[in-house]
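Remarks on the structure that follows.
The values are calculated or read from the model by the stated rules, or taken from the named source; none is laboratory data. None of these values were measured; they are calculated from a predicted model. All Cβ positions, even for glycine, are placed from backbone atoms using ideal geometry, and neighbour counts span all protein chains on display.
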Amino acid sequence: MKTLGILLLLVIIIGGIFWIGTRDNTPVPNGDSLPVETGEEVSGTSVPVDVANSRLTWTGRRNLIPGYVDSGIIPFKSGNVITIDGEVVGGEFIFNVAQIQTESTSNENGAIDRLTEHLRSDDFFNVEVYPEARFAVTKVEPRSDLVAENATHLVTGNLTLKDVTAPVSLPARIVRLEDGTITVLAMFDIDRTKWNIRYGSGSFFDNLGDSVIDDMVTLNVSLVTVAQ
């Protein structure tokens, strides 16, 4: 019995060591660790985005300095809107993050070019490694309860930025004009730290003083398609 007990103990110990040794302790890439939105694949008419006349504006703030605002643009690179019977049901949009620009800053020295270069560095977007961002629409839902947001639809999709994919939902105003173009207007906030943009974040660093930068970034989309 004593020998049997020792054998059982050895089996338990060896089994425990084997379980620990075979656990996957490799960090999961952030893009895979975040839940993403899934939707039915839709087929319809693909309408190209007029990238020259479409615009994505970003706005960032410093939490402890009232009125301190930086803003600029990230150009559209390509994109398409999917329609069925004239209704928008999906789409995909690529943004040229490598060409992010600063248009205004509250910095007293007005260092617009310096801020642009900093945003392109690995402190923020690391554009040499991640030159593009992608937003893939998974659902477009007509809504009548978004009047306060001046929106007609709730758009849901997955934003991929710096090789991290996370879900985003945003109220949008979608209108088809008489000339056959479709316009999409939307303003919403995202938490930049979800995409590993943590520079100056009070959520990750202490003792930043008034240099702390708000985690929330406001994005303003003004999109227009080519005429159908």
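Hey, can you tell me all the residues within segment 201-215 that are closer than 12 Å to R61 by Cα, surrounded by 15 or more Cβ atoms within 10 Å (Cβ to Cβ) and either of a type in the set (D, E) or free of Cβ contacts under 8 Å to residues at least 40 places away in the same chain (or both)? I'd like the intermediate steps shown before the answer.
Residues of segment 201-215 that are closer than 12 Å to R61 by Cα, as a first pass: 201, 210-215.
With surrounded by 15 or more Cβ atoms within 10 Å (Cβ to Cβ) added as a condition, the list becomes 201, 212-215.
Selection gives S201, D214, D215.
Quick check on N220: is it within 20 Å of K77 (Cα to Cα) and not charged (D, E, K, R)?
Details: within 20 Å of K77 (Cα to Cα): yes; not charged (D, E, K, R): yes.
When the stated conditions are applied, N220 passes them.
Could you list all residues from segment 195-228 that are of a type in the set (G, A, S), in contact with a Ser or Thr (Cβ under 7 Å, 6 or more places away or on another chain), over 22 Å from P171 (Cα atoms) and at pLDDT 95 or above? Outline the logic, then answer.
Within segment 195-228, the first condition is being of a type in the set (G, A, S), and the residues that meet it are 200-203, 209, 211, 222, 227.
Subset that is in contact with a Ser or Thr (Cβ under 7 Å, 6 or more places away or on another chain): 200-201, 203, 222, 227.
Then drop every residue that is not over 22 Å from P171 (Cα atoms), which leaves 200-201, 203, 227.
G200, S201, S203, listed by residue number.
Look through segment 129-138, keep the residues that are in a loop (DSSP other than H, G, I, E, B) and touching an Asp or Glu at 6+ places or on another chain (Cβ under 8 Å), and return whichever of them is surrounded by the most Cβ atoms within 10 Å (Cβ to Cβ). It would help to see each step written out before you state the result.
Going through segment 129-138, the residues in a loop (DSSP other than H, G, I, E, B) turn out to be 129-131.
Filter once more, so that each one left must be touching an Asp or Glu at 6+ places or on another chain (Cβ under 8 Å): 129-130.
Working: V129: 9, Y130: 18.
Top of the filtered list is Y130.
Mind checking which pairs have a first residue in segment 74-85 that is under 16 Å from R55 (Cβ atoms) and without any contact (Cβ under 8 Å) to a residue 60 or more places away in the chain and a second that is acidic (D, E) and surrounded by fewer than 18 Cβ atoms within 10 Å (Cβ to Cβ), Cβ under 7 Å, 6 or more apart or different chains?
Going by the 7 Å Cβ cut-off, the qualifying pairs are K77/E132.
Can you name the residue in segment 41-66 that is of a type in the set (G, A, S) and at pLDDT below 95 and is also surrounded by the fewest Cβ atoms within 10 Å (Cβ to Cβ) among such residues? Give the steps one after another, and end with the answer.
Filtering segment 41-66 for residues of a type in the set (G, A, S) gives 43-44, 46, 52, 54, 60.
Subset that is at pLDDT below 95: 43-44.
Details: S43: 9, G44: 15.
Looking at the filtered set, the residue picked out is S43.
If you go through segment 42-71 one residue at a time, how many are assigned to a loop (DSSP other than H, G, I, E, B) and touching a helix residue (DSSP H, G or I) at 6+ places or on another chain (Cβ under 9 Å)?
Residues in segment 42-71 being assigned to a loop (DSSP other than H, G, I, E, B) and touching a helix residue (DSSP H, G or I) at 6+ places or on another chain (Cβ under 9 Å): 4 in total.
Could you give me the residue pairs with C-beta distances under 6 Å whose first residue belongs to segment 139-151 and is in contact (Cβ under 8 Å) with a residue 24 or more places away in the chain, whose second residue is part of a loop (DSSP other than H, G, I, E, B) wherever it lies, and which are 6+ apart or on separate chains?
K139/G39
Only one residue in E141, E117 is surrounded by fewer than 19 Cβ atoms within 10 Å (Cβ to Cβ) and either more than 24 Å from V212 (Cβ to Cβ) or in contact with a helix residue (DSSP H, G or I) (Cβ under 9 Å, 6 or more places away or on another chain) (or both). Which one? Full working, then the answer.
Details: E117 fails: either more than 24 Å from V212 (Cβ to Cβ) or in contact with a helix residue (DSSP H, G or I) (Cβ under 9 Å, 6 or more places away or on another chain) (or both).
Checking each option against the conditions leaves just E141.
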